[in-house]
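Structure first, commentary second.
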Amino acid sequence: MFTIHHLNNSRSQRVLWLLEELGFAYQIKSYQRDPVTMLAPQELKNVHPLGKSPVLEHEGKVIAETGAIFDYILNIYGNGPLNPDFSTNEGLAMNHWIHYAEGSAMPPLLMKLVFDRLPEKAGGLIRPIVRKVRDKAIQTFIGPQIASHVKYWSDALSKNEWFAGSEFTAADIMMSFPLEALTMRSPDTIPPVIQDFVKKIHARPAYQAALKKGGEYAYAKLQEKEQ
Ligand SMILES: N[C@@H](CCC(=O)N[C@@H](CS)C(=O)NCC(=O)O)C(=O)O
């Protein structure tokens, strides 16, 4: 049995969804973010020293980092529709997107989130200066970085229906988080092809089943708006 250490409103939603798609049984150990700092509770550090979610426990093994968890679960599942063989173009593409999602796509999105919140954290006197620093960083570095990633996603989804080709794979589950995060935070800047992708994944029965079991997940808001 898989145990997922799952934090509300977080990336670990993807692990629940992957397990639902594969039809694997799992249990959830739930943790709540601190409503002020948004950090995970100390308790999660008892499971893994970084204290971040997701963490997977299986047969005495403790695995952290979403990409590593995906590799572990997919290795148990073997090759199949969601996990094309590594020697095929689809398998290679899937592996790229699985590692790209956390390695390259998320860092500029996280930087934007941190810089956006900087002025409210600064004291009254220096707030205008901090605001200027934020604007400059977003204008000159973070914004162009995000734009280049968004174009990369749009080009991929304009060429093929799914990230790794014509079939839905684990790469689409892994890529859901950066796409949902951006769609939620800056809906007006999202090209239609990305909006369509997010709508399509939200309509999947396994996505909805994972949502029911995982609880609060603000990134599925688009779906709520559509209903
Ligand atoms: N790259 C890591 C990121 C893990 C991570 O930052 N998780 C967030 C949830 S989205 C977290 O636990 N945040 C709470 C905290 O940092 O205390 C992964 O994909 O597993």
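Quick one: which of Lys52/Lys213; Lys151/Lys221; Lys132/Lys221; Lys159/Lys200; Lys112/Lys199 span more than 27 angstrom between C-alpha atoms?
Where the Cα-Cα span goes over 27 Å, the pairs concerned are Lys132/Lys221.
I'd like the antiparallel share, as a percent to the nearest 5, of DSSP beta bridges with both residues in the chain.
Approximately 60 percent, going by the DSSP bridge assignments.
What is the angle, in °, between the Cα long axis of helix 66-77 and the longest principal axis of the Cα atoms in the chain? Nearest 10 is fine, range 0 to 90.
Its long axis makes an angle of about 10 degrees.
Roll a 1.4 angstrom probe over the protein heavy atoms and tell me the percent of accessible area of the chain that is carbon or sulfur.
So the carbon and sulfur contribution to the accessible surface is 56 percent.
For Lys221 and Asp71, FRET efficiency with R0 = 35 Å and r from the beta-carbon atoms, rounded to 0.05?
That gives a FRET efficiency of 0.75.
Dividing the alpha-carbon Rg of the stretch 89-204 by 2.2 N^0.38 Å yields what?
Output field value: 1.21.
Using only Cα atoms, tell me the angle between helix 170-185 and the longest principal axis of the chain; keep it within 0 to 90° and round to the nearest 10.
With both axes taken from Cα atoms, the answer is about 20 degrees.
Using label points projected 7 Å from each Cα along Cα→Cβ, tell me how many nm separate Ser87 and Glu59, to one decimal.
Going by the 7 Å Cα→Cβ label model, 2.5 nm.
Kindly express, to the nearest 10 degrees and within the range 0 to 90, the angle between helix 127-137's C-alpha long axis and the longest C-alpha principal axis of the chain.
50
Per residue and in cubic angstrom, what volume does the convex hull of the Cα atoms of the chain have?
Cα-based convex hull of the chain, divided per residue, equals 133 Å³.
Antiparallel DSSP bridges in the stretch 1-128: what percent, to the nearest 5?
Here the share of antiparallel DSSP bridges comes out near 55 percent.
Hey, rough spin-label estimate for Lys212 and Ser166, points 7 angstrom out along Cα→Cβ, what's it come to in nanometres?
With each label point 7 Å from Cα toward Cβ, the separation is 3.3 nm.
The values are calculated or read from the model by the stated rules, or taken from the named source; none is laboratory data. Please read these numbers as outputs of a predicted model, since none were measured by experiment. Methodologically, a virtual Cβ is constructed for each residue, glycine included, from the backbone with ideal geometry; neighbour enumeration extends over all protein chains shown. Ligands, DNA and RNA are excluded from the accessible area calculation, which covers all protein heavy atoms including side chains. Shrake-Rupley method; radii C 1.70, N 1.55, O 1.52, S 1.80 Å.
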